[in-house]
Every structure is written in C-alpha cells, then in structure tokens.
Amino acid sequence: MSLKTLAPQILTSPTLRSLGRGRHALQRRLSGKPRTLHAFIQRDEAYSQLLVQALPRLAERYAVEIIWHEVSPPERSAAPEPEKLAAWSLEDARYLAEAYQLDPGEQDLPAMSTPAHGDALRARLGHYGSAMTWFEGEWYWALDRLHHLERRLGGGDDLIFAPIAEPDHAGGGSLEVFLSLRSPYSYLAAMRMFDLAEDWNARLTLRPVLPMVMRSLPVPATKRFYIVRDCKREAERYGLPFGKIADPVGKGVERGLAILIGEIERGRGKAFLQAFMTAVWAGGVNAASDAGLRRICDRAGVDWTEAEADLAREDWRDIVEANRLDLFAGGHWGVPTFKVGERMAFGQDRLWLAGQWLRADA
C-alpha cells in the first residue's frame with residue numbers, strides 16, 4: 001500500500017477520531033471547564049445568520065457554552081466563485097430556514113471577538129470558512145452538520161437539526177446531475193441518487209465536468225483535509241465505504257471521463273460511474289493505470305475493447321466543457337449540483353431539495 005493511499009486512511013480513521021475525542025474530553029474534565037462550542041461567524045453571510053439562531057437551541061438542550069468569533073470571508077482559493085456562492089447562499093438559506101423553522105433574514109448578532117482574532121484562531125484550528133462550529137477537535141458546517149455535533153453531545157433520535165429526508169416518491173420529471181470524478185461529495189451523491197431518481201420516477205442525466213484543480217483552481221490543504229474528514233462522517237451515515245483513496249486527479253480523471261462519456265452514450269453510465277467512484281474513494285485503485293482502469297471496467301461490466309475505443313476519443317473534452325458552461329450559466333460552479341427544470345441546487349446535501357422540486361412539479 002502506498003503512502004498516498006495510507007495517509008487518507010489514517011486521516012479518516014474512526015479509531016483516531018475516537019481517541020481524539022477522548023483526549024479532548026479528558027483535558028476538559030481535568031481543567032474543570034464546561035463543554036464549549038466555538039462559532040465562527042461572517043457578519044453578512046446567510047448561513048452564519050442561520051447559525052446564530054441554531055446554536056443557542058443546542059446550547060440550551062445540551063448544556064454547552066458558546067464563544068462567538070467574527071471572521072472574514074474565505075480566501076478566493078477556498079471559495080473561487082464568491083459572487084455565485086453568495087447568491088446561492090441567500091437562496092439556499094431560505095430553503096433551510098423553512099425546513100428548520102428559522103428566520104432567513106438578517107439577525108442581531110451576538111457579541112463576538114474581532115475578525116483579526118477570529119481569523120487567527122480559525123487558521124490555528126485548521127479551517128478556512130465561515131458558519132463553522134468547532135468543538136474539541138472537530139468542525140461542523142452551518143446547519144447541515146449539526147446533527148453530527150448533536151449526536152456527539154448526547155443527542156438521541158429526536159435531534160433538533162436532524163438531516164432533512166428526501167421524499168419517498170414524486171411524479172416524474174428530469175433530474176440533471178453535474179458532478180466530478182475527483183469530488184468525494186459527488187461520490188456520496190452518485191451512490192444514492194440513482195435509487196432516489198427511481199423512487200421519484202425521474203429521468204436522471206449525468207453531466208460530468210472537470211474538477212476545479214484541473215481548471216486552474218487549486219484547492220488549499222486545509223480545505224482538502226476538512227473535506228476528507230467530513231466525507232468520512234457522511235459516508236458512515238449512509239453506510240458507504242470511504243477512506244482508502246487513490247486520487248484520480250489528472251490522467252485518472254481524464255481516462256475515467258473518456259469511458260464515462262462513452263458509457264453514458266451507450267445508456268450504461270450508472271454502472272461505470274459507481275464502479276469508478278467506489279474504486280478511487282474506497283478501494284485505493286489507481287485509475288491512471290491500465291491495470292486499475294481495467295479493474296474498474298470489469299466491475300462495471302464494460303468491455304475493455306469498448307473502453308480502449310473510448311480512450312482514443314477526444315470529443316469527451318468538448319462534452320464536459322459544455323457541461324461546465326451550462327453549470328456556470330445557471331449561476332453555479334461546484335459539484336455535485338442538481339438541476340430540475342430551471343432550478344439548480346448545489347451540494348450532496350441537497351438531494352432532498354431536488355426531490356421536493358420533482359414532487360411539486362408532478
């Protein structure tokens with residue numbers, strides 16, 4: 001096993017996570033300090049406006065204290081499309097506010113430390129974003145990850161911020177999915193969305209794009225580390241394997257996309273997509289090598305002769321670029337993004353919203 005494959009396994013190890021939690025809890029007990037949440041708030045950000053309403057509800061139920069820190073917006077390297085992000089955040093916050101019975105408008109903010117102090121502490125604790133809660137070694141984003149925090153604080157089945165469930169049925173329609181082979185969040189979506197689309201009687205269309213880093217948008221290390229740990233928690237929730245990673249960036253992605261486009265055209269995109277994603281995010285398979293790619297094709301039932309013909313093509317580049325242009329034209333930039341009609345929702349956490357749109361359109 002290579003060091004590149006071993007490192008993410010260690011980083012996402014549940015045993016290492018448990019040891020870290022135990023160490024922090026012991027230090028707290030020895031110091032006599034209360035359980036304390038550190039909340040990092042961006043003054044003009046929609047998700048932060050929701051978080052200042054949500055955390056006091058957790059503090060009351062679970063007997064924790066909150067220390068509020070004001071922070072600056074993330075650097076462009078961590079949020080490469082700040083205007084698109086801000087616009088989507090405002091829209092998305094309205095959906096979340098309705099689901100959790102919160103106010104989507106501007107809030108009176110609590111007393112906070114200065115941005116200079118907040119930015120420094122955020123960096124020291126290993127993050128880059130806003131609307132983040134830190135508790136004893138782990139980060140929780142906005143409202144979507146508070147269920148993980150609640151369970152850690154002792155919450156049972158009756159969580160205040162339980163994950164929003166996807167509808168169990170809808171009346172059909174079209175669901176387009178923009179995704180990247182290098183996105184672990186796309187992996188989490190890819191392993192669930194086909195069954196959901198079947199429940200919804202929806203036609204699912206795959207719209208793959210190149211990953212950001214292959215579009216000259218490098219991802220900072222703090223963001224990569226957070227994403228991997230966060231995806232591990234989410235994968236555990238869905239019962240999916242994750243952590244034995246062979247990053248397909250570069251040649252692995254390009255070769256995978258060439259075959260995926262061919263399989264989509266042959267009406268068999270699901271099998272290859274799921275086989276590829278499982279192999280690189282949970283199986284440690286090197287998709288850049290012939291041996292690794294053949295292994296993926298075998299699992300997906302793809303004839304290697306057909307795969308070789310796909311690899312000889314170059315028109316897949318035009319297709320994925322057209323997908324990217326459509327994604328940006330819709331006001332979005334990241335993956336996975338779900339499109340129903342003219343509405344688009346970003347993030348694997350928003351499959352429920354796509355399902356609601358399909359149900360409402362029936």
Exercise. Fully extended, how many nm does the chain gain between A309 and A221 (0.36 nm per residue separation, minus their Cα-Cα distance)?
Worked result: 28.0 nm
Problem set entry | HN-Hα J in Hz across region 122-135 - Karplus 6.51, -1.76, 1.60, θ = phi - 60°, x for Gly and Pro | 4, 5, 5, 7, x, 9, 9, x, 10, 6, 10, 10, 10, 9
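Give me the number: length gained by fully extending L90 to A116, i.e. 0.36 nm times residue separation minus the C-alpha to C-alpha distance, one decimal in nm.
6.8 nm
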Exercise. So what's the gap between the Cα centers of region 79-125 and region 147-195, to the nearest angstrom?
Worked result: 21 Å
Exercise. According to the square roots a ≥ b ≥ c of the eigenvalues of the Cα gyration tensor, what is the shape class of region 173-361, taking rounded for a/c under 1.5, prolate for a/b larger than b/c otherwise, and oblate for the remainder?
Worked result: rounded
For this session: Taking amide H positions as placed in the peptide plane 1.01 Å from N, state which residues far from S174 in sequence (5 or more) or on other chains have amide H under 5 Å from it.
Result: R203, G341
Exercise. For a paramagnetic label modelled at 7 Å from the Cα of L159 toward its Cβ, which residues of region 217-252 fall within the zone defined by backbone nitrogen distances under 15 Å?
Worked result: 230-240
For this session: Can you quote the Å³ per residue value for the convex hull of the Cα atoms in the chain, rounded to an integer?
Result: 139 Å³
For this session: Within 10 Å of each residue's Cβ, count the other Cβ atoms and sort E342, E236 from fewest upward.
Result: E342, E236
Problem set entry | Largest-first principal axis extents, alpha carbons of region 34-153, Å | 38, 34, 25
Problem set entry | Relative contact order (%) - region 56-181, alpha-carbon pairs under 8 angstrom, separation at least six | 26 percent
For this session: Run the quick spin-label model on R28 and S174: label points 7 Å from Cα toward the beta carbon, then report their separation in nm to one decimal.
Result: 5.0 nm
For this session: State the extension gain, in nm to one decimal, for the chain segment bounded by Q101 and E236, taking 0.36 nm per residue of separation less the distance between their alpha-carbons.
Result: 45.9 nm
Exercise. How would you order 275-282, 32-39 from highest to lowest mean count of nearby Cβ atoms within 10 Å?
Worked result: 275-282, 32-39
For this session: Specify the residue with the greatest mean-square fluctuation among G243, G171, G252, computed from a Gaussian network of the chain linking alpha-carbon atoms under 10 Å apart.
Result: G171
Seminar exercise, completed: For the chain, averaging the sequence separation of alpha carbon pairs under 8 Å that lie six or more residues apart and dividing by its residue count, the contact order in percent is 19 percent
Problem set entry | GluC sites (Glu not before Pro) restricted to region 58-108 and DSSP loop, no more than 16 other C-beta within 10 Å | E75, E106
Problem set entry | Where labels lie 7 Å past Cα in the beta-carbon direction, separation of S289 and E83 in nm | 4.5 nm
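Every read-out reported here was derived from the displayed coordinates using simple, explicitly stated rules and does not represent laboratory data. Nothing here was measured: the structure is a model prediction, and the numbers come from that model. Don't worry about glycine lacking a Cβ; one is built from the backbone with ideal geometry, like all the others, and counts go over all protein chains shown.
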